[in-house]
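Written out below as structure tokens is the structure these notes cover.
The values are calculated or read from the model by the stated rules, or taken from the named source; none is laboratory data. Quick caveat: nothing in here was measured; it's all calculated off a predicted structure. Because the Cβ atoms are built from the backbone with ideal geometry, glycine has one as well, and the counts that use them run over all protein chains shown. Protein only, heavy atoms only, side chains kept; ligands, DNA and RNA dropped before computing areas. Shrake-Rupley method; radii C 1.70, N 1.55, O 1.52, S 1.80 Å.
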Amino acid sequence: MTLFAKIINREIPAQIVFEDEHVLGFKDINPQAPVHVLFVPKLAVANTDALGDDQAELVGRVVLAARAYARQVGIAESGYRMVMNTNGDGGQTVFHLHLHLLGGRPMHWRPG
Ligand code: 5GP
């Protein structure tokens, strides 16, 4: 079981800020911006590469959950970044699909 499955199951604590039937959102333990929240589907999928062709809705729900939270905390107009890391070169460290919502400061693009 992954770390995020344990957070979903309330086996380890997290600062949960969003929950609905399908998605959980909780603050990243090592925030890279004033707002840094991870949105995960309750259904375990390792990453975008493992996603089934019939699981488009799962990703859509995660994106819409993050959008709702961004509006709620007032960063929708100033802007934000959504990131999903996949496998080694993508920088993925936890193999339960997750979307990083980053905001509250200007984002820059530094490939590499
Ligand atoms: P990845 O690198 O897989 O895209 O993102 C994993 C994220 O999970 C990292 O940003 C990391 O800081 C976060 N993280 C790792 N362990 C924990 C934890 O125990 N609790 C929370 N809330 N976040 C964690």
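Data overview
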item: All positions within the range 72-112 that are open to solvent by less than 100 Å² (accessible area, probe 1.4 Å) and among the polar types (S, T, N, Q); result: 78, 85, 86, 87, 92
item: Residue match in the range 2-9 (condition: closer than 24 Å to residue 108 by Cα and more than 11 Å from the ligand (Cβ to nearest atom)); result: no
item: The range 19-49 - residue that is open to solvent by 40 Å² or more (accessible area, probe 1.4 Å) and hydrophobic (A, V, I, L, M, F, W, C) and, of those, farthest from the ligand (Cβ to nearest atom); result: 43
item: Residue among 58, 101 that is touching a strand residue (DSSP E or B) at 6+ places or on another chain (Cβ under 8 Å) and in a strand (DSSP E or B); result: 101
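To keep it simple, each residue is scored yes or no on (1) closer than 23 Å to residue 13 by Cα; (2) modelled with pLDDT of 95 or more; (3) over 12 Å from the mean Cα position of the chain (by Cα).
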{"residue": "42", "(1), (2), (3)": "yes, yes, no"}
{"residue": "45", "(1), (2), (3)": "yes, yes, yes"}
{"residue": "51", "(1), (2), (3)": "no, yes, yes"}
{"residue": "66", "(1), (2), (3)": "yes, yes, no"}
{"residue": "69", "(1), (2), (3)": "yes, yes, no"}
{"residue": "79", "(1), (2), (3)": "no, yes, yes"}
{"residue": "84", "(1), (2), (3)": "yes, yes, no"}
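Conditions (1) assigned to a loop (DSSP other than H, G, I, E, B); (2) touching a residue at least 60 places away in the same chain (Cβ under 8 Å), marked per residue:
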{"site": "37", "(1), (2)": "no, yes"}
{"site": "65", "(1), (2)": "no, no"}
{"site": "82", "(1), (2)": "no, no"}
{"site": "95", "(1), (2)": "yes, yes"}
